[in-house]
Amino acid sequence: MKLIDDKGRLFGLINYIDLAIVLVVVVLIGGFAYYKAGSGDGNNVVQQTETEQELTIKYFVNGIKDVSVDSVEKGDVFSVLSSGNTIGEVVDKIVEPATMTTTDEKGNVIESEIPGRYNLTLIIKTKGLVTNDKIKAYNDEVHVGQSIIIRSRMITFLSTIYGIEY
């Protein structure tokens, strides 16, 4: 038995052009059914809710000198260095001595203060969009642990976002 006979049929049963058309129709119907079942009517998709809210973001700056700490006052406005987008206004600042973990002469692990160095936490109020899966402030997605360079008119810091409240 030949693969394609004299009349152009596969195995003498069906014309190969007819078979190609039937396969295309089956694939199209399957694709349409998959589309409708997956997301076509929107019933299976979680609806995103987007609301603009007031955010309080805590920026942590590690191991800076007192002159840098003194250059920040309540009411100062900070922005993102890379984009220039305004973050918001400083509502509080917390200053603590900078420390490091080290060992003493006996090999015991101790927490030691670094002379002349301070850790600064800036608490900044801003507006942002809060959705089910992300938080956007100053037109950028923000998350705890993110490192970001921020600046005011007096100083620039490399900071880490330590907290976001809304």
Sequence-distant residues sharing a close amide H with residue 140 (under 5 Å, placed H) | none
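Using only the alpha carbons of the chain, what is the convex hull's orientation-averaged projected area in square nanometres?
Values: hull surface 85.7 nm².
That works out to 21.4 nm².
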Distance from the Cα centre of the range 66-84 to that of the range 146-163, in angstrom?
-> 8
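Rule-based calculations on the coordinates, nothing more; no lab input. Not measured: the values here are computed from a predicted model.
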